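The values are calculated or read from the model by the stated rules, or taken from the named source; none is laboratory data. Because the structure is predicted, anything quoted here is derived from the model rather than measured. In this analysis, Cβ positions are derived from the backbone assuming ideal geometry, glycine residues included, and neighbour counts consider all displayed protein chains. For accessibility, only protein heavy atoms count, side chains too; no ligands or nucleic acids. Shrake-Rupley method; radii C 1.70, N 1.55, O 1.52, S 1.80 Å.
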Amino acid sequence: MAEPKVKYDRQLRIWGEQGQAALEKASICLLNCGSTGSETLKNLVLGGVGSITVVDGSKVEVGDLGNNFMVDESSVGQSKAECVCAFLQELNDAVKAKFIEEHPVELIETNPSFFSQFTLVIATQLVEDSMVKLDRICREANIILIFARSYGLMGLVRISVKEHTVIESKPDHFLDDLRLNDPWPELQRFAETIDLNTTDAVAHKHTPYIIILVKVAEEWANTHDGKLPSTREEKKHFKDLIKSKMIMRDEENYREAMEASYKVFSPQGIGPNLQKIINDSCTEVDSNSSDFWVMVAALKEFIANEGGGETPLEGSIPDMTSSTELYINLQKTYQAKAEADFRDMEERVKNLLKKISRDPASISKANIKSFCKNARKIAVCRYRLVEDEFNSPAQPELQKYLIDEDHGTLQEANSLKVLPENTAAGLYILLRAADRFAANYNKFPGQFDGEMDEDISRLKTTVVGLLNDLGCNGSTLSEDLIKEMCRYGASELHAVAAFVGGVASQEVIKLITRQFIPMSGTFIFNGIDQKSQLLLL
């Protein structure tokens with residue numbers, strides 16, 4: 001068996017050893033192992049989750065051979081859960097795998113405590129009623145739940161958990177934490193040791209752009225009543241001032257300073273997202289508070305005191321044109337400030353833990369240091385109950401999604417407003433209508449041959465009723481789209497299932513590693529137009 005660091009080398013570069021360790025501790029339960037569930041779990045098994053439990057009470061049928069690569073002809077008539085579980089175990093023998101031959105719907109009804117043993121539950125191909133019941137069960141047990149579903153050429157993924165906190169959100173674009181517009185005393189003193197007017201050409205072209213910007217910003221402020229550039233014209237003049245300091249045309253460091261000048265103009269203090277988090281009522285911590293909220297409470301105190309309105313310094317600097325000696329000394333200056341901020345934060349965390357009668361050492365130095373480094377980028381995700389979304393979706397948002405200008409305009413038919421075709425919200429409504437149809441007629445629309453015309457009429461009536469219940473009175477969806485939904489016959493197409501499974505497994509990894517920000521609404525994949533959209537309902 002390959003060493004974990006070799007086996008998981010590429011993913012370790014993304015979420016690190018800490019993220020991989022979280023995966024290897026995770027216990028995942030999959031409900032229904034059709035093509036959507038199998039594809040989702042396959043990705044996680046290859047990623048090295050700790051253990052999986054596959055729950056499915058059905059037998060492998062001939063139809064499964066066309067959409068599920070994890071069963072073959074020899075599997076027909078056997079337990080689907082057992083066959084899929086055996087296949088997945090072969091993919092990664094480090095993962096503990098077991099199966100339970102029971103129908104998930106029955107398990108939800110008869111044994112709700114079953115789910116409390118898992119880190120996360122992946123529920124695939126469940127209808128609306130079972131989704132609502134399982135969501136309540138997992139909420140009460142504080143278990144992360146992900147719904148995934150493929151239906152013909154459409155798919156759905158939805159996360160449900162009370163609260164998910166993220167320290168390492170790893171945004172694609174985020175301004176470097178350099179404090180150029182408000183340098184702390186040690187950085188200011190370091191800058192003062194460097195003369196931008198030196199006649200030494202080598203020294204001049206190897207001055208780090210951070211120092212150039214700190215000194216030019218100070219010079220500007222001294223001649224502008226202590227203010228930094230704010231208007232477009234002033235920012236242009238600021239760049240011209242940097243350019244005027246060049247003594248040769250090939251000074252790359254000054255070009256870098258001009259390109260990075262926007263970092264001087266960035267607003268001081270914390271951003272609106274972080275402000276919202278530190279104003280959250282959860283910062284009033286008690287003995288039941290999570291480590292995250294204890295650290296946020298400490299951060300709030302730090303910002304109001306030692307930080308002077310700022311978060312702890314991250315302590316890293318980007319690559320830049322510089323002499324080795326100056327770069328290392330500049331790096332040490334940033335690292336020393338970050339270490340001092342960390343010590344202040346550590347003390348505040350310990351004091352808060354004492355105050356709420358918890359062990360002052362219960363939050364490790366490594367966790368506090370990671371929090372300090374990522375303090376500007378922390379995130380809190382909260383999700384509505386599925387039942388609340390189904391019964392009372394956000395009306396303005398739903399109306400906006402349904403009447404999507406990209407998909408045409410409203411039309412009239414039999415005194416009903418026909419909503420534009422192929423909007424994500426329209427497909428969402430159709431999927432919910434199909435579940436309501438199944439509850440009323442004990443089958444999905446178009447599931448059996450010879451009843452298509454009757455099913456189309458029934459589904460159209462169901463769609464109108466559902467839209468009325470959701471406050472979209474007098475509206476319907478296009479006849480063509482309703483016919484297409486009936487044509488699907490509740491089938492799971494492998495191509496769609498593989499895509500939906502990929503999206504779902506990606507979100508599982510985000511949730512387990514607590515890295516990157518998981519999606520916040522209901523994800524709809526539109527295989528007709530090859531588009532996807534997140535509905536915030």
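The number of residues in the stretch 505-531 that are more than 24 Å from Glu389 (Cα to Cα), of a type outside the set (A, V, I, L, M) and not in a loop (DSSP other than H, G, I, E, B) comes to 2.
Just to be sure I understand, how many residues within the stretch 430-451 are of a type in the set (Ser, Thr, Tyr) and buried (at least 19 other Cβ atoms within 10 Å of the Cβ)?
Here is the first cut: in the stretch 430-451, the ones of a type in the set (Ser, Thr, Tyr) are 441.
From the residues that got through so far, the ones that are buried (at least 19 other Cβ atoms within 10 Å of the Cβ) too are none.
Of the residues in that region, 0 qualify.
Of all positions in the stretch 452-462, at least one carries a residue that is among the charged types (D, E, K, R), over 22 Å from Phe147 (Cβ atoms), touching a residue at least 12 places away in the same chain (Cβ under 8 Å) and open to solvent by less than 40 Å² (accessible area, probe 1.4 Å). With respect to the conditions (1) out of contact with any helix residue (DSSP H, G or I) (no Cβ under 8 Å at 6 or more places or on another chain); (2) open to solvent by less than 30 Å² (accessible area, probe 1.4 Å), Gly37 lacks only one, and its number is (1). Against the conditions (1) free of Cβ contacts under 8 Å to residues at least 60 places away in the same chain; (2) in a strand (DSSP E or B), Ile137 satisfies every one except (2).
Here the condition is being among the hydroxyl-bearing types (Ser, Thr, Tyr) and touching a residue at least 24 places away in the same chain (Cβ under 8 Å); of Ser74, Ser116, it holds for Ser116 alone. The sole residue among Ala394, Ala413 that is at pLDDT below 60 and hydrophobic (A, V, I, L, M, F, W, C) is Ala413.
Here is a yes/no grid of residues against (1) charged (D, E, K, R); (2) closer than 25 Å to Ala424 by Cα:
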residue: Glu73; (1), (2): yes, no
residue: Ser79; (1), (2): no, no
residue: Leu107; (1), (2): no, no
residue: Leu126; (1), (2): no, yes
residue: Leu153; (1), (2): no, yes
residue: Thr165; (1), (2): no, no
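If a residue has to be surrounded by 20 or more Cβ atoms within 10 Å (Cβ to Cβ) and farther than 29 Å from Val132 by Cβ to count, how many in the stretch 74-96 make the cut? Summing the residues that are surrounded by 20 or more Cβ atoms within 10 Å (Cβ to Cβ) and farther than 29 Å from Val132 by Cβ in the stretch 74-96 gives 4. Determine whether Phe118 is under 22 Å from the mean Cα position of the chain (by Cα) and over 21 Å from Gly521 (Cα atoms). Taking the combined requirement at face value, the residue satisfies it. Taken as a whole, the condition of being touching a Leu at 6+ places or on another chain (Cβ under 8 Å), hydrophobic (A, V, I, L, M, F, W, C) and not assigned by the TED database to the domain that holds Asn367 does not apply to Ile247.
Which ones in the stretch 352-380 are surrounded by fewer than 17 Cβ atoms within 10 Å (Cβ to Cβ) and either out of contact with any helix residue (DSSP H, G or I) (no Cβ under 7 Å at 6 or more places or on another chain) or among the acidic types (Asp, Glu) (or both)? Explain how you work it out, then say what you get.
Applying the first criterion (surrounded by fewer than 17 Cβ atoms within 10 Å (Cβ to Cβ)) to the stretch 352-380 yields 354-357, 359-362, 364-367, 370.
Lys354, Lys355, Ile356, Ser357, Asp359, Ala361, Ser364, Ala366, Ser370, listed by residue number.
crowded, with 17+ Cβ neighbours inside 10 Å and under 33 Å from the mean Cα position of the chain (by Cα) - does that describe any residue in the stretch 203-210? Steps first, answer last, please.
Residues of the stretch 203-210 crowded, with 17+ Cβ neighbours inside 10 Å: 204-210.
Imposing the further condition that a residue be under 33 Å from the mean Cα position of the chain (by Cα) reduces the set to 210.
So far as the stretch 203-210 goes, yes, one or more of its residues are crowded, with 17+ Cβ neighbours inside 10 Å and under 33 Å from the mean Cα position of the chain (by Cα).
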